[in-house]
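Structure record follows, encoded as structure tokens.
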Amino acid sequence: MLLSKLISSLDLQPVVSGDDIEVTGGYVSDLMSDVLANAKSGNLWVTNQRHVNVVAVASLLGLSGVIVAGNAEPDENTVEKAQQEKVSLYKTTLSAFDVVGRLYELGVRAPK
Amino acid sequence: MLSRYEADLHIHTLLSPCAEVEMIPPLIVRRAVEAGLDIIGIADHNSAENVGAVVEAAAGSSVKVIPGMECESAEGVHVLCLFEKVEQAESMQEVVYAALPNLVNQEGKLGQQMVVTAEAEFVRYNDRLLLASTSLSLDDIVAEVEARCGIAIPAHVDRRAYGLFGVLGFMPEGAGFPAVEVSSRMTAEEARKQHPDIADRAIIRSSDAHVLDDIGSARTVFHLEHRSVAEIKLAIAGVGGRMVE
């Protein structure tokens with residue numbers, strides 16, 4: 001499914017809009033080392049973390065986007081870095097649990 | 001004139017909920033002397049409320065006490081923060097307290113957090129939840145520590161729990177860390193091999209002691225003109241023959 005379709009279905013607030021690409025799966029974690037080890041290129045990542053290293057991890061893995069859940073505001077340098085790196089970044093008042101539940105309902109699955 | 005000093009820069013007191021109640025200022029100092037340490041750093045979780053007491057307890061002894069704190073960043077990474085003066089550590093503590101969640105410590109679950117005097121007289125329980133991540137990012141912590149002329153060193157980077165490489169998985173680009181701390185489980189050589197991201201940074205080893213017997217179980221040898229944070233920074237930078245062995 002295309003990223004834009006998922007974003008509008010969940011009514012996520014765009015912070016930085018990057019390329020609208022095919023989402024290959026989903027991952028949820030707040031532990032950067034875990035994401036680095038297990039998320040795959042094109043995955044959509046759900047986290048409560050708002051710091052700049054989120055963008056570093058997303059960019060390194062070539063993720064389709066990052067959803068900062070739980071009504072958290074991404075740090076200023078996180079937004080700047082996402083713009084530079086063209087990483088799609090969204091925020092939402094939904095909890096990480098709800099975001100993942102809805103993504104699952106829409107057919108997004110964990111990476112194999 | 002440079003001298004060789006043995007340091008264990010990461011020691012907890014009974015203010016840390018996970019530390020044993022035996023970690024009182026007079027016993028920490030006595031054990032440090034017995035262990036042949038010249039410098040110790042006091043670093044409780046997100047608090048410096050017992051630092052002054054240990055400094056006082058060490059007055060007249062052979063041990064120099066470096067005031068510090070082990071801050072937990074928003075990323076969940078522990079950072080050893082060391083300062084020249086008790087007041088600087090206490091000023092950092094204000095920043096950290098404002099950045100901690102406003103929650104009460106659950107003594108039954110996490111342990112007691114005791115504030116004591118230099119003679120180990122009980123002052124009060126610190127009922128703030130100290131074992132939590134602050135809202136300060138790693139960059140924020142570095143900036144706050146540097147504003148107080150201190151040094152910020154990612155703690156036990158090799159550990160899965162709360163270590164920089166265990167939690168974050170990499171050294172962030174442009175991170176202001178001139179040194180990293182490795183736990184007693186690993187030598188500096190092993191750490192460099194296992195974590196190439198350490199690059200040319202200096203490596204210190206500390207005990208992270210929560211019990212008296214662990215004090216000095218991992219240590220760092222510095223060549224310094226005298227015992228101060230300013231000198232430790234110069235040693236880490238390798239200035240004027242000063243060095244980390």
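The values are calculated or read from the model by the stated rules, or taken from the named source; none is laboratory data. This one's a predicted model, so the numbers in the text were calculated from it and none came from an experiment. Reconstructed Cβ throughout: ideal geometry from the backbone, glycine too, with neighbour counts over all protein chains shown. We work out accessible area using only protein heavy atoms, side chains counted, and drop any ligands, DNA or RNA first. Shrake-Rupley method; radii C 1.70, N 1.55, O 1.52, S 1.80 Å.
Structure notes:
- Scope segment B:76-93; condition surrounded by fewer than 24 Cβ atoms within 10 Å (Cβ to Cβ) and within 14 Å of chain A (Cβ to nearest Cβ); matching residues: B:Gly76
- Test: residue in segment B:71-82 that is at pLDDT 95 or above, hydrophobic (A, V, I, L, M, F, W, C) and over 14 Å from the mean Cα position of the chain (by Cα): no
- Flag if B:Glu181 is in contact with a strand residue (DSSP E or B) (Cβ under 9 Å, 6 or more places away or on another chain) and either open to solvent by 30 Å² or more (accessible area, probe 1.4 Å) or more than 12 Å from chain A (Cβ to nearest Cβ) (or both): yes
- Among the residues making up segment B:1-17, those that are assigned to a strand (DSSP E or B) and either surrounded by fewer than 22 Cβ atoms within 10 Å (Cβ to Cβ) or at pLDDT below 95 (or both) are B:Ser3, B:Arg4, B:Tyr5, B:Glu6.
- Taking the conditions (1) crowded, with 22+ Cβ neighbours inside 10 Å; (2) closer than 27 Å to B:Ala161 by Cβ in turn, B:Glu20 satisfies each one other than (1).
- Subset of segment B:106-122 (residues that are surrounded by 14 or more Cβ atoms within 10 Å (Cβ to Cβ) and farther than 30 Å from B:Gly169 by Cβ): B:Gln112, B:Gln113, B:Met114, B:Val115, B:Val116, B:Thr117, B:Ala118, B:Ala120
- Reported count of residues in segment B:159-170, each being buried (at least 20 other Cβ atoms within 10 Å of the Cβ) and more than 9 Å from chain A (Cβ to nearest Cβ), is 3.
- Just one of (1) out of contact with any strand residue (DSSP E or B) (no Cβ under 7 Å at 6 or more places or on another chain); (2) in contact (Cβ under 8 Å) with a residue 60 or more places away in the chain; (3) more than 14 Å from chain A (Cβ to nearest Cβ) fails for B:Ala209. It is (1).
- Residue match in segment B:28-41 (condition: open to solvent by 40 Å² or more (accessible area, probe 1.4 Å) and farther than 16 Å from B:Ala218 by Cα): yes
- Set side by side, the residues B:Gly176, B:Gly216, B:Gly241 differ, and just one is loosely packed, with under 15 Cβ neighbours inside 10 Å, touching a Leu at 6+ places or on another chain (Cβ under 8 Å) and in contact (Cβ under 8 Å) with a residue 12 or more places away in the chain, which is B:Gly241.
- Any hit, segment B:16-38, residues being among the hydroxyl-bearing types (Ser, Thr, Tyr) and in contact with a Pro (Cβ under 8 Å, 6 or more places away or on another chain): no
- Of the criteria (1) in contact (Cβ under 8 Å) with a residue 24 or more places away in the chain; (2) within 18 Å of B:Tyr5 (Cα to Cα), which one B:Leu164 fails: (2)
- Complete set of residues in segment B:184-207 that are under 19 Å from B:Leu234 (Cα atoms), open to solvent by less than 20 Å² (accessible area, probe 1.4 Å) and part of a loop (DSSP other than H, G, I, E, B): B:Ser206
- Of the criteria (1) in contact with a Pro (Cβ under 9 Å, 6 or more places away or on another chain); (2) of a type outside the set (D, E, K, R); (3) closer than 22 Å to B:Ala155 by Cα, which one B:Ala58 fails: (3)
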